[in-house]
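Peer 1: My questions will all concern the structure given below.
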Amino acid sequence: MRILVVGAGATGGYFGARLVQAGRDVTFLVRPRRADRMAERGLRVTGLGERTVLRPRVIGVEDIDGPYDLVLLAVKATGLDQAVADVARAVGPDTLIVPFLNGLRHIDTLAARFGDGALLGGVAKVATALDAQGDIVRLADAQDLRYGARRGTAPARLAEVHRVLSDAGFPTGLSADIDTEMWSKWIFIASVGAVTCLMRGSVGEVVAVPGGAEFAGAVVEECASVAAAAGHPAPDPALRQTLASVTQEGSPLTSSLYRDVTQGFSAEVEQVFGDLVRRADEFGIAVPLLGLATTHLRVHQNRVEGTRVG
């Protein structure tokens, strides 16, 4: 299968690199600035003792020569609209798209543009970040891809997708209920993001103060209540893992949202929090802590955008 990885950042770049190493037919679609950096330094994966340098096939929008078999979409949710426009020429009648974005709002956007039949659900779990030089830095030994047909869809070539993504240097799984898995990841992302961004510290720093663990638990409860109302209650093991992650004493865990905020970068406020609060309002569920996190991060986002305009 011809694979197009849209985005070569911390997530797409990492899993794309592993697929390249496994001999898959992979092309990266990137913006000009990222293309220049990759031309200069290659695609580098570092951290945890690794020093990998690859020279994969890299193209811009103008270089797309026709449809690909599989599109792996791994951009920040704030860049989704541009990515949809960029990738349109690479999507044909037999193309399957697997998005690995936070939240669920992107599903509606992609389905409206390319149709339900082309769209799988996907969950990526990886602890990576881009450093100042654009290299992918591994922060922990977490790496996992899950994907599958969403409820009400029956995409062709699903087994072939699973075959080409498997045995490529990271665990994979063809999910029988990818919708619930996407909701479970949303609960985790929103919980860790709210706890660390509101309190401006790591999980360990939050739970070290009186009331910190109780606050973190209340955040998880709010997130889980929205998922349950939507018909996708988090499985008990996933919920226990999320609760343990945000209440672990001494944990250095933060979140990509926290890193974006503390470094003055744009954050996925509406995709992770705004959409979750909107759904809670529709279900008539009170989520005051999530509402507080949303307002807090919207102030940050306005600040970032005002700086960019100025």
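Peer 1: Of all residues in region 85-107, count the ones that are over 20 Å from C223 (Cβ atoms), assigned to a helix (DSSP H, G or I) and not hydrophobic (A, V, I, L, M, F, W, C).
Peer 2: Total meeting the criteria: 2.
Peer 1: Name the residues in region 159-183 that are free of Cβ contacts under 8 Å to residues at least 60 places away in the same chain and not in a strand (DSSP E or B), would you?
Peer 2: Selection gives A159, H162, R163, S166, P171, S175, A176, D177, I178, D179, T180.
Peer 1: Restricting attention to region 263-270, does a residue exist that is out of contact with any helix residue (DSSP H, G or I) (no Cβ under 9 Å at 6 or more places or on another chain) and closer than 29 Å to G306 by Cβ?
Peer 2: The answer is yes, given that some residue of region 263-270 is out of contact with any helix residue (DSSP H, G or I) (no Cβ under 9 Å at 6 or more places or on another chain) and closer than 29 Å to G306 by Cβ.
Peer 1: Being among the hydrophobic types (A, V, I, L, M, F, W, C) and buried (at least 22 other Cβ atoms within 10 Å of the Cβ) is the requirement here; does V269 meet it?
Peer 2: For V269, the condition - among the hydrophobic types (A, V, I, L, M, F, W, C) and buried (at least 22 other Cβ atoms within 10 Å of the Cβ) - is met.
Peer 1: Separate question: Checking the conditions here, which among E270, E249, E282 is assigned by TED's automatic domain parsing to the domain that holds L198 and free of Cβ contacts under 8 Å to residues at least 40 places away in the same chain?
Peer 2: Of the residues listed, the single one that is assigned by TED's automatic domain parsing to the domain that holds L198 and free of Cβ contacts under 8 Å to residues at least 40 places away in the same chain is E282.
Peer 1: Within region 78-102, can you find the residues that are acidic (D, E) and either closer than 13 Å to G60 by Cα or crowded, with 19+ Cβ neighbours inside 10 Å (or both)?
Peer 2: Once the filter is applied, which keeps residues that are acidic (D, E) and either closer than 13 Å to G60 by Cα or crowded, with 19+ Cβ neighbours inside 10 Å (or both), region 78-102 yields only D86.
Peer 1: Is it the case, given these coordinates, that R37 is within 23 Å of V98 (Cα to Cα), touching a residue at least 40 places away in the same chain (Cβ under 8 Å) and of a type in the set (K, R)?
Peer 2: Criteria not met by R37.
Peer 1: How many residues are assigned to a loop (DSSP other than H, G, I, E, B) and under 20 Å from V269 (Cα atoms) when one looks only at region 189-215?
Peer 2: 3
Peer 1: I would also like to ask the following. Considering V53, V26, which residue is out of contact with any Phe, Trp or Tyr (no Cβ under 9 Å at 6 or more places or on another chain) and surrounded by fewer than 20 Cβ atoms within 10 Å (Cβ to Cβ)?
Peer 2: Matching residue, one of V53, V26: V53.
Peer 1: Kindly provide the set of residues from region 265-304 that are outside any helix (DSSP H, G or I) and farther than 22 Å from A127 by Cβ, ordered by number.
Peer 2: Matches in region 265-304: G284, I285, A286, V287.
Peer 1: Go through region 272-310 and count every residue that is crowded, with 22+ Cβ neighbours inside 10 Å and of a type in the set (G, A, S).
Peer 2: The number of residues fulfilling the criteria is 1.
Peer 1: Give V71, V75 a once-over and let me know the one that is of a type in the set (A, V, I, L, M, F, W, C) and more than 27 Å from Q301 (Cα to Cα).
Peer 2: Criteria check complete, one pass: V71.
Peer 1: Moving to a separate point now. Only one of these is of a type in the set (A, V, I, L, M, F, W, C) and more than 30 Å from L297 (Cα to Cα): V195, V161. Name it.
Peer 2: V161
Peer 1: Answer yes if at least one residue in region 99-121 is among the polar types (S, T, N, Q) and over 26 Å from V269 (Cα atoms), and no otherwise.
Peer 2: No, that holds for no residue.
Peer 1: To continue, here is another question. Go through (1) surrounded by fewer than 21 Cβ atoms within 10 Å (Cβ to Cβ); (2) over 12 Å from the mean Cα position of the chain (by Cα); (3) outside any loop (DSSP other than H, G, I, E, B) one by one and return the number of the condition P155 breaks.
Peer 2: Tallying (1) surrounded by fewer than 21 Cβ atoms within 10 Å (Cβ to Cβ); (2) over 12 Å from the mean Cα position of the chain (by Cα); (3) outside any loop (DSSP other than H, G, I, E, B), P155 fails exactly one: (3).
Peer 1: Of the residues V75, V58, V91, which is at pLDDT below 95, more than 20 Å from A159 (Cβ to Cβ) and either charged (D, E, K, R) or not assigned by TED's automatic domain parsing to the domain that holds E268 (or both)?
Peer 2: Every option except V75 fails the conditions.
Peer 1: Continuing with this model, one more query. Where residues in region 110-127 are small (G, A, S) and surrounded by fewer than 18 Cβ atoms within 10 Å (Cβ to Cβ), which of them is farthest from T78 (Cα to Cα)?
Peer 2: G117
Peer 1: Another question about this same structure. From the list V277, V299, which residue is more than 22 Å from the chain's Cα centre (by Cα) and free of Cβ contacts under 8 Å to residues at least 24 places away in the same chain?
Peer 2: That would be V299, the only listed residue that is more than 22 Å from the chain's Cα centre (by Cα) and free of Cβ contacts under 8 Å to residues at least 24 places away in the same chain.
The values are calculated or read from the model by the stated rules, or taken from the named source; none is laboratory data. Quick caveat, the model's predicted, so the values are computed rather than measured. For neighbour counting, all protein chains shown are included, and Cβ atoms are generated from backbone atoms with ideal geometry for every residue, glycine included.
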